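The values are calculated or read from the model by the stated rules, or taken from the named source; none is laboratory data. Values in this document were obtained by computation on a predicted structure and should not be read as measured data. As a convention, Cβ positions derive from the backbone with ideal geometry for all residues, glycine included, and neighbour counts pool all protein chains shown. Accessible surface areas use protein heavy atoms only, side chains included; no ligands, DNA or RNA. Shrake-Rupley method; radii C 1.70, N 1.55, O 1.52, S 1.80 Å.
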Amino acid sequence: MSVVDLEQEKRTAAQAAAALVEDGMTVGLGTGSTVAYLLDALAAQAPDVRCVATSEGTEQRARELGLPVEPFNRLERLDVAIDGADQIDGRGWLVKGGGAAHTREKIVASAAERFVVIASSDKLVDDLRAPVPLELLAFGVAATLKSLGAARLRDVAVSPDGGLIADYVGPVGDPAALAAWLSSIPGVVEHGLFPPELVSEIFVARGPQIERIVPA
Ligand code: A5P
């Protein structure tokens with residue numbers, strides 16, 4: 001599939017999710033190129049909403065488009081969060097964090113009544129694979145990397161909150177087991193494996209059609 005077609009699929013998925021947003025809602029905005037189309041679609045609807053953003057890039061673009069963004073320090077819950085993904089497996093496990101924002105993205109997704117994932121069809125995979133993004137505390141990072149073994153720091157990447165960004169590059173196998181192991185390592189602030197329990201629904205565009213997947 002061509003890059004142009006994939007971009008169109010991202011736009012189609014984003015527009016489908018934007019239609020879920022209604023006046024009065026609190027909305028978590030994800031990060032990435034698919035979310036960029038979401039911002040365009042939301043701006044066209046101009047809903048009366050309160051938004052929080054998972055990255056500076058999203059916040060800046062949302063503001064430019066006239067969407068109101070506030071710090072995520074007073075709202076306890078969000079009505080909906082909408083975000084992209086790097087990989088989606090058949091059970092609804094996700095890999096996220098290609099844009100270094102997965103810690104904020106997981107906080108926002110967890111706070112949402114409804115977490116909606118939007119994606120082009122190339123994001124569907126049979127089995128998740130490396131790289132799995134990691135946010136690491138700078139303090140003790142060499143020791144943390146030694147504990148992780150198969151991980152490497154990204155060049156100059158930092159999270160929206162200043163954490164170092166690395167990628168786990170070993171085998172994924174059972175995502176639940178890997179997620180538990182990564183979470184057990186001190187110095188790992190957050191990893192980019194998102195479990196199906198976090199995901200309300202996934203809108204995957206295939207050409208002009210939307211496939212709606214609800215993880216069991
Ligand atoms: C950002 O940190 C990521 O989790 C993105 O949601 C993910 O990388 C998908 O990005 P694209 O929509 O650009 O593919």
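So which residue, out of Ala62, Ala43, Ala142, gets the largest mean-square fluctuation from a GNM of the chain using Cα contacts under 10 Å as springs?
Ala142
I want to check the label-to-label distance for Ala46 and Ala177. Put each point 7 Å from Cα in the C-beta direction and report it in nm to one decimal.
5.5
Taking R0 as 25 Å, what FRET efficiency do you get between Arg91 and Leu137 from their Cβ-Cβ distance, rounded to the nearest 0.05?
After rounding to 0.05, the efficiency reads 0.25.
Output wanted: per-residue J couplings in Hz (rounded whole) for the range 208-216, from phi through Karplus 6.51 cos²θ - 1.76 cosθ + 1.60, θ = phi - 60°, x for Gly and Pro.
Here the 3J(HN,Hα) series is x, 8, 10, 9, 9, 10, 10, x, 5 Hz.
Using a Gaussian network model of the chain with C-alpha springs under 10 Å, which one of Phe72, Phe139, Phe203 is most mobile by mean-square fluctuation?
For the chain, modelled as a Gaussian network with Cα springs under 10 Å, the answer is Phe139.
Expressed as a whole percentage, what fraction of the accessible surface of the chain belongs to carbon and sulfur atoms when a 1.4 Å probe is rolled over the protein heavy atoms?
Result for the chain: 53 percent of the exposed heavy-atom area is carbon or sulfur.
Just the Cα atoms of the chain: what Rg and Dmax do they give in Å?
For the chain, the Cα radius of gyration and maximum Cα-Cα distance read 16.7, 49 Å.
Return the long-range amide H neighbours of Gly28 (sequence gap of 5 or more, or a different chain), with a cut-off of under 5 Å between placed amide H atoms.
Counting only residues 5 or more places away or on other chains, the set is Val52, Val80, Ala81, Ile82.
For Arg212 and Ser147, compute 0.36 nm times the residue count separating them, minus their Cα-Cα distance, and round to one decimal in nm.
This chain segment gains 19.5 nm when fully extended.
Using DSSP, restrict attention to beta bridges with both residues in the chain and report what percent are antiparallel, rounded to the nearest 5.
50
Please list the helices of the chain that count as membrane-span-like by this rule: a mean Kyte-Doolittle hydropathy of at least -0.5 together with Cα atoms stretching 18 Å or more along the helix axis, each helix being a complete DSSP H run.
Helices meeting the span and hydropathy rule in the chain are 3-18, 33-45.
Rounded to whole Hz and in sequence order, give me ³J(HN,Hα) for the range 157-166 from the Karplus expression 6.51 cos²θ - 1.76 cosθ + 1.60, θ = phi - 60°, writing x for Gly and Pro.
Karplus values, whole Hz, x for Gly and Pro: 6, 10, 6, x, 10, x, x, 6, 10, 10.
Step through the residues of the range 185-192 one at a time and calculate ³J(HN,Hα) from phi using the Karplus curve (6.51 cos²θ - 1.76 cosθ + 1.60, θ = phi - 60°), rounding each to whole Hz and writing x for Gly and Pro.
In residue order, the calculated couplings are 8, x, x, 7, 5, 6, 10, x Hz.
Using the heavy atoms of the protein chains and a 1.4 angstrom probe, tell me the accessible area per residue for the chain in square angstrom.
Heavy-atom accessible area per residue stands at 46 Å².
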